[in-house]
Each structure stands twice: as structure tokens, then as C-alpha cells.
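A quick write-up on the structure given underneath.
The values are calculated or read from the model by the stated rules, or taken from the named source; none is laboratory data. In this text, all values refer to a predicted model and were calculated from it rather than measured experimentally. Here the Cβ positions follow ideal geometry from the backbone for every residue, glycine too, while neighbour counts run over all protein chains shown.
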């Protein structure tokens, strides 16, 4: 066999296969996980979305959220007001972007093709892939800390394990072993497709929510009430250049921006909804209720623990170690700590798999549809944690992490373009068949809709200066730059949407609100087809039994 034949055989082996009868054609723009989802794969009910949003709330970061605002000098009521307002805005923006997935059953990867152009859609796609790689690694590292607490609860001597790393390694054996175990335990879940997430969501929600409430009740019972932290009033530093109103604005911006990546790819998961109401009921109730309650429970527990231990512990792994005296406590204390830390760890595991690994798999599938589907992409994203080396980022590059946390500066303009294009310009109408080939109304000029690029740049240009001076911690930054940065999410969203809309008025794209005459992918139920105004595939005699993909250009 010649070398060429061997490469051809290898290509045939690794190339994805699809069921042509189900329109799962595999080529440079399409595969099974990129086509509009048929009704048979739309299995998510309201609890799936409740669970999906709950795992974004039942985590360490959300538990610690009030601390962020209290350290600014704000009061407890002000901190909770930021959390409530932020959650309301998250629900609004998430639903705006997720609606294309609910109606047309396509994800973020494909959704951007009609706004940016087939090839320029790689610009937002590559940003998300980079974020998925880095945040997956960081989340694995944070989950490893919880696994280390679990190991200490089982074997107290683990807390005193000898550090076998040299001085040039910015971590310890204690931390690194936890990371490796967390990574290994997470790996089997990568084979689980999103259609099958209901049971893990149920386990996560019950385990972690019960653990959090039990932890709060225990702390209140032992402390016989909350400590001084609960009554924290406004304590702005003397001579502070910022009023409480500006600090609250900064907090709201940070609250929404911290979930910007999840808002951006909301349609990746909303497309799995079996009905629109299931998304609305599950997502709205969970995002609002779980998001607010977890922060409140974290605040109450930290306040009660302050009364017990004389210090404020916001980071759950630190407080858990204190509760069992670094493994030297009683067997009951260690058992309780194990239950709590394992619940947090399992939640962190599935939050990472959904929010970073699976999302990364979908995004990578958009780059290489012939060879990468959700499962392969998720595995690649997870393996990339070893290349990213999170122990270097967490322990050394705090500035880099601050930049990543502020990446909403670049994502909110993308969200603004998506919302403007879908609702104002296309009137919620999409020609699905033209999203999967180059002879398309969405190919624009050589695959690029040039209008999206200046609109995106205009969205982040006013706020990038504030990001730079904030990350550098300049002692006396220009006030205007910081003020713009404190409103970065809203500024980016509305400026990019406005510029994109204006450019489309000045340089209009003809016939933007087109739809297919025929449901060429068998995407819609009969009721959906009637509502949208397309003919169901089985009812169209002009196509018959010919391969639908060959007729997309007709």
C-alpha cells in the first residue's frame, strides 16, 4: 500500500460518519452535532434547564460572591441588591441569545454564520475556544483543591504529605495529586452526550443544595446566630474616589460579565429543549432563585463561622479544613467535611464538563466538522488542561486570571451583534439550508460580513483602556476610563448592536429575512413547521427520495 493510500485509509477511519437518512451529512461545514437538532434529540425538559443553571450557581465562585462586594466597602443589603439585579440581567440576556436555539435548533457555532459570514464566524468561535481551554484547566485545578480536602477527610495524614516538587514548581504535591484525581474522575463523563444529562443534574442539585443548607444550619446552630459580618454596613475607604452607586454599577457589570461566556453560547444548550416553556421555566427559576440563594447561604455561613472561629472564611476549602482541624478533628467532623467537599467537587466537575468541555467540543466541531464532534472536542479540551498548566496560572499569573475574568469586554459586543441581527434585522427568520455550504446568502464577501468586524471593535474599544489600568492596578487611573469599564458589558452590547444596525441601514443586505420553503433537515414538528411557514420534508414531493444535501443549493 502506498503512502497516499495509507493516508486515505487513515482519513476514512478518523472521519466522522453520519446517518444520511437523518440528514447527518459530514463535510467542511456540517456534522451530526452541527445540523439543526431533530425532535428525537430534543430531550431536555424544565428540570434539565433548572439543573444546568443550578450547577452554574451551586459552586464556590457564587458562594463567595458577596465577599467581592463587601471588600469594596459596600453593605450587606447593597451586595445582595447587586446579586439580584445581576441575576435578572443574566436571565434577560441569556434568553435573548438562547431564543434562536429554541426556534431554529442551532447552536452558537452555526448561529454566528449568518451574522459574521461563514468564514468570519471563526472570530467569535476562536475566542470561545481559547476561553474554554483556559477555564477548563482552571476549573480542574479548583476542583482538585476540593478533592484534596476529601482525601484529608479520609486520610488525615494526607494533609502532611511530603512535597516532592522543587522550588521552581509553583505548586505542592498535596495540590497536584488533587488535580490529577479530579481530572481522572471527570474524564468518563465526557462520553455522556448532552441528551443524557438529566440524572447527573439531579444528583448534583440534590447533593450540593442539601449540603449547603445543612452546612448553614450547622453553622447557625453552633454559633447560636450570625456574626458581625451579617450586619456589615457601608464602609467605603476614607477618601475613596468612588461613590457607592458607582461601586454597585461595577458589581452589576462584574456579576453579568462573569457569565458572559455562558450567555454567548446559550443556544448550544437551548436547542435541546423539547418545548420553549421548559427552557423558560427551568432557566428563569433556577438562575434567579438558585443564584441568589447560594450567595445568601454563603454569606450567612461565613458570618456564623466568623463567630465560631474568630475569622471570616469565604473560600469553602479553607473553611472545611478549619472545621476538621486539617484532618485532626473527630471522625464525625471529617465525615461531614467529606460529604460537603465531595458535593462541591461533583458540582464543580459537572459545571466544568457542561460549561467548558462540552461547550469547547461544540466550538471545536465548528472548526473541523469532518473530524471533530462534541465528544471528540470535549476530550481535546480536557486534555488541553495539561498544556495550559493551571498550576502556573493560579499560583503565579494573577494578572492573567484577572484579564480572563474581564473577557466579557470582548464577548458582550458579540452578544450585541447576535441580538441585533436576529431580532431587528432578520426578524427572527433564518434560512437553515444556507448555513451549511458556501454557495449561500450568508457567504457575503469571501465568507466575511465586513459589517460585523467594525461593530465588534467599536463595542470593546471604549472599555479596553479601563480594563488595562484596572488589571495593572494603576494608583491614579483616568476616572473616565474606569467609569467606562464599570459599565463595560452594557456599553459593549449596545454600542456594537447600534453600529451593526447602522451599517446594515447604510449598506443593506438584500432579503435578510429569508427562510427555506421546505424543512430540508427534518428539524421541525408539524406544529413548528406550520408556525414558521415551511413545508415538512415528507410533504414535499419535489424532493422525494433524493439526498437532501445535494439539493441545498437549489
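In region 4-21, the residue that is farthest from residue 522 (Cα to Cα) out of those that are in contact (Cβ under 8 Å) with a residue 60 or more places away in the chain and part of a loop (DSSP other than H, G, I, E, B) is 15.
As a summary of the residue check, residue 273 satisfies the conditions (1) surrounded by fewer than 24 Cβ atoms within 10 Å (Cβ to Cβ); (2) in contact (Cβ under 8 Å) with a residue 40 or more places away in the chain; (3) over 24 Å from residue 208 (Cα atoms) except for the one numbered (1).
Restricted to region 282-317, and to residues there that are more than 19 Å from residue 227 (Cβ to Cβ) and at pLDDT 90 or above, the residue that is surrounded by the fewest Cβ atoms within 10 Å (Cβ to Cβ) is 293.
Can you pull out the helices (runs of 4 or more DSSP H) entirely within region 386-439 that have at least 1 residues that are modelled with pLDDT of 90 or more and touching a helix residue (DSSP H, G or I) at 6+ places or on another chain (Cβ under 8 Å)?
Hits in region 386-439: 408-419.
For region 264-273, what are the residues that are out of contact with any strand residue (DSSP E or B) (no Cβ under 6 Å at 6 or more places or on another chain) and within 14 Å of residue 49 (Cβ to Cβ)? 266, 267, 268, 269, 270, 271 - these are the residues of region 264-273 that are out of contact with any strand residue (DSSP E or B) (no Cβ under 6 Å at 6 or more places or on another chain) and within 14 Å of residue 49 (Cβ to Cβ). Look at (1) surrounded by fewer than 17 Cβ atoms within 10 Å (Cβ to Cβ); (2) part of a helix (DSSP H, G or I); (3) at pLDDT 85 or above; (4) more than 31 Å from the chain's Cα centre (by Cα) and you find that residue 326 fails only one, number (3). Checked against the criterion of being farther than 30 Å from residue 414 by Cβ, touching a residue at least 40 places away in the same chain (Cβ under 8 Å), touching a helix residue (DSSP H, G or I) at 6+ places or on another chain (Cβ under 9 Å) and not in a loop (DSSP other than H, G, I, E, B), the candidates 201, 189, 133, 179 yield just one match: 179.
Taking the condition in contact (Cβ under 8 Å) with a residue 40 or more places away in the chain, under 19 Å from residue 301 (Cβ atoms) and in contact with a helix residue (DSSP H, G or I) (Cβ under 7 Å, 6 or more places away or on another chain), does residue 219 pass? When the stated conditions are applied, residue 219 passes them.
For region 447-467, the criterion of a residue being closer than 26 Å to residue 251 by Cβ, in a loop (DSSP other than H, G, I, E, B), touching a helix residue (DSSP H, G or I) at 6+ places or on another chain (Cβ under 8 Å) and at pLDDT 90 or above is satisfied by no position.
Scanning region 276-310 for residues being farther than 30 Å from residue 198 by Cβ and in contact with a helix residue (DSSP H, G or I) (Cβ under 8 Å, 6 or more places away or on another chain) gives a total of 10. Note on region 520-530: residues that are in contact with a helix residue (DSSP H, G or I) (Cβ under 8 Å, 6 or more places away or on another chain) and farther than 16 Å from residue 101 by Cα total 1.
Pairs linking a residue in region 150-166 that is free of Cβ contacts under 8 Å to residues at least 60 places away in the same chain and on the phi < 0 side of the Ramachandran plot to a residue that is assigned to a loop (DSSP other than H, G, I, E, B) and surrounded by 18 or more Cβ atoms within 10 Å (Cβ to Cβ), with Cβ atoms under 7 Å and 6 or more positions apart or on different chains, are 165/171.
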